[in-house]
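The structure appears below as structure tokens.
The values are calculated or read from the model by the stated rules, or taken from the named source; none is laboratory data. Being a predicted model, the structure only gives us computed values, none of them experimental. Positions of Cβ are backbone-derived with ideal geometry, glycine not excepted, and every protein chain shown enters the neighbour counts.
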Amino acid sequence: MSATTTPAPAESVPNPEPAPPVGPRIIRQLPPQLVNQIAAGEVIERPASVVKELLENSIDAGASRVELTIAGGGVEMIRISDDGCGMTADQLPLAVTSHATSKLPEDDSLFHVGTLGFRGEALASIASVSQMTIRSRAEGTANGNQENELSGSQIDIRGGVIESPGPCGCPVGTTIEVRNLFFNTPVRRKFLKTPQTERGHIVEAFTRLALANPKVHFVLRNGDKEMFDLLPTPRWADRIEAFFGTEISESLILIESDDAQVKIFGFACDPSVNRGNNRMQYLFLNGRHIRDRALQHALGEAYRGLLMVGRHPVCFLRMTMPPEMIDVNVHPAKLEVRFTDSGRVYSRLLQTLRQRFLSTDMTHRVGSAPAPEPVTGNDLRSRGESVMGMPAREVDEQRQSVIEWARTGQESTHASSTSSTNRIDGSTFSPANVALGGTPHFQPFPGGGSPLAHAAPSSSPNDPGLVAPDSATASTTNPNDIAPWDGPPDALDPSSAPASANAPFPGAVYPGAINGNRPTPSVCYLGFQVHNRYLVTQDEKGMVVIDQHALHERVLYERVCKKVLGENASLESQRLLVPEPVSLTPAERAAALEVKDTLARIGLEIEDFGGETVLIQSYPAIMPSKDPSEMLRTILESVMGAGRDPNPIDLLNHLLSTVACKAAVKAGDPLSPEEITSLLEQKDLYQDTHHCPHGRPTALFFSRDELDRMFGRLGPRGRGSV
């Protein structure tokens, strides 16, 4: 029996790779069509890039009306029509030739560009990756006969192949139609997003050009649907409102600056209107939309302390400067520029914004309120001479009338002649009418107590931010001014009331600790406290609700910054009798020792104890009740969160804001009337008290008109009803 052998299958031999060419590589001149396709890869990223380039051409042509129509997200069709200067028949083939332009009449024009475009490659690049048709007619030009003078010219380009121009009927101006974008570059077309996404990018490009040119009539249509019809306007705020609505337009703050070379004009939004990214920061330089990290950083610095972490301001700013001071030929899409003196532009923008913010009342407003108006230095210290629409003298007379009636049961003879007619809402009012049963008794506090019943003085000698009035002045109380329901005078004696265990101000007597811990708000002549966390006060225009912690934090922050940053001093420190050891992680210990000198400036002195332990020698005297070790760990979290090699000034500023936050009164801390008075009086002594250092608003303003609207008191003509 013979054995049979099965032959092994033949192994497949892979195709050998082509051998590299022997000798030097051949350099060849690329054909114009391939050059244009390569340029299109840089300039024409998506349909929005086509829209941007064509709109810029229309603006450079001096058009007063531009219409944009898109279909299929701009991939199927983009049509732009304008009434600009137009082109002649012999200029059309040159217009779609690479590096041919009318915007650089001389070679030196590149160094002082005054137009949006200048390279002369946009039309050629677009035509190489699409099917383009151009119809144009120049005003008052002809080729020798009257017939051509009344008609235009048309040229077709298919994938970069230019056909001969021919006559066509069209008005003065230019119409460019781009169809089947990227039809001959399938890889690029494959990576385009959905039509809805591409349409969004087109709208953004349209918005930028329309904002930069408010005196041009812009129209945008998506298929047969008209999306925007923006009439020309001399007021830039009207064009902004047309795009972004009343939320933005009502919060605009006018920004103006002119130092002969760098001119800044535009609007910055109130900090209450902000976004989670910087896409709503529109910066225009000589009519061109730009992106510049330095200018965006200047915006962030101007809003420092006005916005919370992670929020970005909204602004619309136009800058004008000589073309010789900038270089626009540094980015394929001309979105980035370079300044010959970037430091000057940065400081000018930052200084302009900060000066404007310091002269503007930026208190957060509730409801629909007009844009904040700038206030003068005198307005910051002295509010108006009327309260809630009444002269202050009449308000005082009514107040005295109420006190007189509460004390004696009879109306004041001095105010009786006017108190019945001088009510705020215009109706008649008499304090005695309340006692006659005309209106039920309103008792908002348990047991029928009065908010004025238990206002106890407090010296608060150890509080870092609230300084009580002179004790001699506080103790001279006229017993006749005490209302009948206030109880005997000894009820206000601090010795007869238990001190609150959690009181942030030692020695203070708080309303909740009197009369069986009955919760009654503390009241002073400026306002009163509710829920031990908010202060309610008023001015001549409405009502203000203040966050006591946020306001006290801002006041303390301004004080410590003035001492440390302004006077180059250190905060007062409290030396420990026995240094306190604190065990840290290796990273925390390294960070603490690295910023040891900076910590000493805020009053926190540490020494290395060996291993992973440091000794706290002293801590800020502004925080006598805080645990030093816990305070050190809190500060180290801020230090480590600042990243590597933080700016020393920024780090110190951040630590000062942390100290102010920890030292300020907290929500839930009751305040005495003197402390309320001191805090509210200090509100007008510092700048930026409308926001805490971390960007939270310190106050909410309810205008009188807004309150009337909420209560339905505004009639059909906007006047208050009875």
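At-a-glance table
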item: Test: residue in region 632-647 that is buried (at least 20 other Cβ atoms within 10 Å of the Cβ), under 24 Å from the mean Cα position of the chain (by Cα) and not small (G, A, S); result: no
item: From the options F218, F228, residue that is hydrophobic (A, V, I, L, M, F, W, C), farther than 29 Å from T360 by Cα, assigned to a strand (DSSP E or B) and touching a Ser or Thr at 6+ places or on another chain (Cβ under 9 Å); result: F228
item: Criterion (of a type in the set (V, I, T), surrounded by fewer than 20 Cβ atoms within 10 Å (Cβ to Cβ) and either assigned by TED's automatic domain parsing to the domain that holds D224 or within 33 Å of the chain's Cα centre (by Cα) (or both)) met by exactly one of I70, I38, I44, I80; result: I38
item: L55 being assigned to a helix (DSSP H, G or I), at pLDDT 95 or above and either of a type outside the set (S, T, Y) or surrounded by fewer than 16 Cβ atoms within 10 Å (Cβ to Cβ) (or both); result: yes
item: Which listed residue, of E139, E177, E226, is more than 42 Å from the chain's Cα centre (by Cα) and of a type in the set (D, E); result: E139
item: Count of residues meeting criterion [loosely packed, with under 15 Cβ neighbours inside 10 Å and among the basic types (K, R)] in region 524-562; result: 1
item: Residue under evaluation S272, criteria (1) out of contact with any His (no Cβ under 7 Å at 6 or more places or on another chain); (2) among the small types (G, A, S); (3) in contact (Cβ under 8 Å) with a residue 12 or more places away in the chain, criterion not met; result: (1)
item: Qualifying position, being modelled with pLDDT under 85, surrounded by 17 or more Cβ atoms within 10 Å (Cβ to Cβ) and closer than 24 Å to D259 by Cβ, among V337, V345, V328; result: V328
item: Options I255, I248, I264, I240: the member that is of a type in the set (A, V, I, L, M, F, W, C), touching a residue at least 24 places away in the same chain (Cβ under 8 Å) and in contact with a Gly (Cβ under 7 Å, 6 or more places away or on another chain); result: I255
item: Residue match in region 151-166 (condition: at pLDDT below 90 and buried (at least 22 other Cβ atoms within 10 Å of the Cβ)); result: yes
item: Complete set of residues in region 167-204 that are assigned to a strand (DSSP E or B) and closer than 15 Å to L55 by Cβ; result: G173, T174, T175, I176, E177, V178
item: Selection within region 58-75 - assigned to a strand (DSSP E or B) and out of contact with any helix residue (DSSP H, G or I) (no Cβ under 8 Å at 6 or more places or on another chain); result: R65, E67, T69, A71
item: Within region 302-334, tally of residues that are basic (K, R) and under 19 Å from T698 (Cβ atoms); result: 2
item: Residue within region 664-674 that is basic (K, R), touching a strand residue (DSSP E or B) at 6+ places or on another chain (Cβ under 9 Å) and within 23 Å of E558 (Cα to Cα) present; result: no
item: Any hit, region 313-333, residues being outside any helix (DSSP H, G or I) and of a type in the set (F, W, Y); result: yes
item: Set L306, L295, L283: member being surrounded by 19 or more Cβ atoms within 10 Å (Cβ to Cβ), part of a loop (DSSP other than H, G, I, E, B) and either at positive phi or in contact with a strand residue (DSSP E or B) (Cβ under 7 Å, 6 or more places away or on another chain) (or both); result: L306
item: Test result for F243, farther than 30 Å from L358 by Cβ and either buried (at least 20 other Cβ atoms within 10 Å of the Cβ) or not β-branched (V, I, T) (or both); result: no
